[in-house]
Amino acid sequence: MIKKYEIFKNITLFRFGDPFKTGAVVVDVDQINFKEVKDIYLFDKNVGLDKVVFNKTLSAGDSIYGLGENLGSLNKRGKIYRCYSSDDFLHTPEKEALYGSHPFFIIDGDETVGVFIDSPSEIKIDAGFKDTNLLSIEVSSTDIDLYIFRSKNKIDIIGSFLSLVGTPYIPPKWAFGYQQCRWSYPNRETVESIGNQFRSLDIPCDVIYLDIDYMKDYKVFTVDENKFPDFEDFIAKMLEKGFKIAPIIDPGVKIEDGYEVYEEGKSKGYFCKKENGSDFVGMVWPGATCYPDFANSKVREWWGELYTEMVKSGICAFWNDMNEPAIFFTPDGLKNFYSLVDKIKEKKDPGFDFFSIKDAVNGLSNKREDYQSFFHNLDDGKVICHDKIHNLYGFFMALATSDGLKKLLGNKRYLLLSRSSYIGAHRFTSIWMGDNQSWWEHIIVNIRMLQSLNMCGFFYTGADIGGFGCNSSAELVIRWSQLGIFSPLFRNHSALGTRNQEPWAFDSATTDIIRDIIKFRYALIPYIYSEYLKSIINSRCLILPVSFVFDDPILKNIEDQFMFGESIMAAPIYTPNSGGRYVTLPDVKWLCWKVKNFDDRDVSVYNPGSYFINCELDETLTFVKENSIVVLMRPQNYVGEKKITELLAVAFVTDRASYMYYDDDGETYDFQKGKFINLNIFIEKSDGDYEVYFNDEESAEYKNDIRTIKFEIYDENGRVFTKIISR
Ligand code: MIG
């Protein structure tokens, strides 16, 4: 039986069987008011014993957008995707699944509909691969919540989706600063010297990450005192210099007698169990580990409390890695592998066996059979096989972390990155895009993913800038950092054994360019923070494909430019040795803004159309929309270093423009109690000149320091008018 519920005006839920409560949705379904139906609008369905297949014929012009963290083009058509969270460190084009599972997408064509399949095990989505004209979705369960969203407008569909799954989480303002990571900065001395280099080279930075080597023998919630002596003092000193330290926390708990986290988890029965009741064991960094049963709320509470010591020492930023969960191999898997090798050893003339060994080694990791071999104890006493809720492991780990941090930090906001995620996790964590490579091809993947993840609610996200695996070149890091300006999470990260990738790791000319790029990011923080907060208030993605914003069929396949807030269109350069790129400027006039740095910005005005635009290596290519405004500040070493008393409003106005500048303390949740400012800025053309004015909506308890707004207004001929107003 299928139950049909009308959730809101534009959202219909079709409920199959008795679905697992994933926590993706924040709206309570009224259990009483349903209709029993046989068919679902939109899809033909085929219900099997342990799966349901949904089919829909696609017309030639249909596009598919969404699916969050995945490969393929922005328009997802023509490829197979799989929601089954996977630790895959090589993001080559044929891959079907990455770390997160985000089964929400929009079909856009003759009609426009959104689809969200709330089901936490494997979902295969063939978007016209096997059969060009068929969208076929295979859900590996017969207990499914299928939501359908209707609206003509794709942005409204995402808005309805967010009304169902909740609004994105709000990190502290310093999370919009530059962040530096590497696997690993091995000791206190190194991290301190990295920090000092940022300050002495005058390169802004807010966060430095600790990767796995800060721990004692990779035991989570421990610190190796030899490498990081006097940890509390270390954190305090870094904070004094304006750096937040973000340690990594993995889920796997090392099996070791006397290790408190293990002993406690074991004695309380908090680890995932095999069918025979023993703890499931997998091999990861620390060796043999147990996996906390995050599906259980008691375990989550326990895990959240484990952050106490670190938070006490002043830490308010963490990253949760390996939570798909990653399993290098299991003891049984290894045994089978050895017996295969033994068999081959006996052979006289092994040949093709080379390949069976190779495959067997690769096949040891992250195996479906392993995921099918352990179980979760749910709050209601039911036991469920991990495979059935596999896609929620990272979601639940991040939930445990964020609930813990909320308790420990009270009114102070936190920054949390999770590698694995499911729909709904955007309410309490952000994610990074995992182990990309220092390849040019991965810049465009990053550009697409920013857009697709925004559609799924993950507004604050980003990839490893400069690329994680492989060695990067100076040019690659420069171009990627220029994209970083428009990536809410702007974090440079690189893998063990690769070439260093910090802003000064190349030659001094490169350092100079990257310094200017990072400084321009900091200059834009008033705009970025305003736009981020407004995007949440309005349930409208911070980052949007141009085709969602402007209604022109020519834009449909443009995936390498995107809207970043209401005023800016980013057009990053993502190919090597290029003196520029093609851009398509939709609908209105655009101010082409080539930015060298805060003080050196070149502008020119373009009419709608397609152009090749020259752009030197030290220029960030940006466009400001006609009749809109961008607010900037003078860059600082870190967010909050000095009071901001002056804003610069750069505007491109042919008629009139307005901008709502939002600000709050950037650190607490007091904005929920009305402690914020909306400063409305207006510019109007009159008699060959411009009038500027503003009005304040500042709450009594919140005082903003802005005293002066300088205006730099460009007209349709690119002529500049400057004005100043005081508050
Ligand atoms: O299997 O902690 O994605 O960011 O540096 C590698 C080491 C484990 C994977 C993460 C990466 C991190 C790395 N981790």
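Values quoted throughout were computed directly from the atomic coordinates according to the rules given, and no laboratory measurement underlies them. Keep in mind the model is a prediction, meaning the values are calculated, not measured. Backbone-built Cβ (ideal geometry, glycine too); neighbour counts: all protein chains shown.
Using label points projected 7 Å from each Cα along Cα→Cβ, tell me how many nm separate residue 201 and residue 708, to one decimal.
Placing both labels 7 Å along Cα→Cβ, they lie 3.2 nm apart.
Any chance you could get the radius of gyration and Dmax over the Cα atoms of the range 454-540, in Å?
Radius of gyration, then largest Cα-Cα span, for the range 454-540: 14.5, 44 Å.
Once you have the Kirkwood Rh of the range 207-307 from its Cα pairs, apply Stokes-Einstein at 25 °C and 0.890 mPa s and quote D in µm²/s.
The diffusion coefficient I find is 166 µm²/s.
Quick one: angle between helix 231-240 and the longest Cα principal axis of the chain, in degrees between 0 and 90, rounded to 10, please.
20 degrees
Do any trypsin sites (Lys or Arg not before Pro) in the range 611-704 lie in a loop, going by DSSP, with at most 14 other beta-carbon atoms within 10 Å of their beta carbon, and if so which?
Passing both the DSSP loop test and the Cβ count: 642, 643, 703.
Relative contact order for the chain: what percent, with Cα pairs under 8 Å and sequence separation of 6 or more?
It rounds to 11 percent for the chain.
So how many Å³ per residue does the convex hull of the Cα atoms of the chain work out to?
Spread over its residues, the Cα hull of the chain gives 177 Å³ apiece.
Relative contact order of the range 266-391, please, whole-number percent, based on alpha carbon pairs below 8 angstrom and at least 6 residues apart.
29 percent
Taking the chain as the reference, fit the longest principal axis to its C-alpha atoms, fit the long axis of helix 441-455 to the helix C-alpha atoms, and give the angle between the two in degrees, 0 to 90, nearest 10.
The answer is roughly 90 degrees.
Just rank 42, 162, fewest to most, by other beta-carbon atoms within 10 angstrom.
Sorted ascending by nearby Cβ count, the order is 42, 162.
Using the 10 angstrom Cβ neighbour count as an exposure proxy, how do 633, 1, 322 rank, fewest first?
With the sparsest Cβ surroundings first, the list reads 1, 633, 322.
DSSP loop trypsin sites (Lys or Arg not before Pro) in the range 329-400 with at most 13 other Cβ atoms within 10 Å of their Cβ, which ones?
The qualifying sites are 347, 348, 382.
Going down the list 76/556; 76/130; 4/382; 244/412; 3/154; 589/625, which pairs span over 18 Å between their C-alpha atoms?
Result: 4/382; 3/154 exceed 18 Å.
To check you understand DSSP bridge types, tell me what percent of the beta bridges within the range 192-339 (both residues inside) are antiparallel, rounded to 5.
Within the range 192-339, antiparallel bridges account for around 60 percent of the total.
Can you sort 170, 431, 573 by how many other beta carbons sit within 10 Å, fewest first?
Lowest count first: 170, 573, 431.
Give the separation of the Cα centroids, the range 217-243 to the range 549-599, in Å.
After rounding, the separation between the Cα centres reads 42 Å.
Any idea what the relative contact order of the range 369-516 is, in percent, if you count C-alpha pairs under 8 Å spaced at least 6 apart?
Relative contact order comes out at 15 percent.
Quick check of the Kirkwood formula: for the range 605-673, what is the inverse mean of 1/r over all pairs of different Cα atoms, in Å?
Mean inverse Cα-Cα distance, inverted, gives 15.6 Å.
Just the number: Rg to Rh for the range 4-146, Cα atoms, Kirkwood Rh, two decimals.
Over the Cα atoms of the range 4-146, Rg/Rh equals 0.95.
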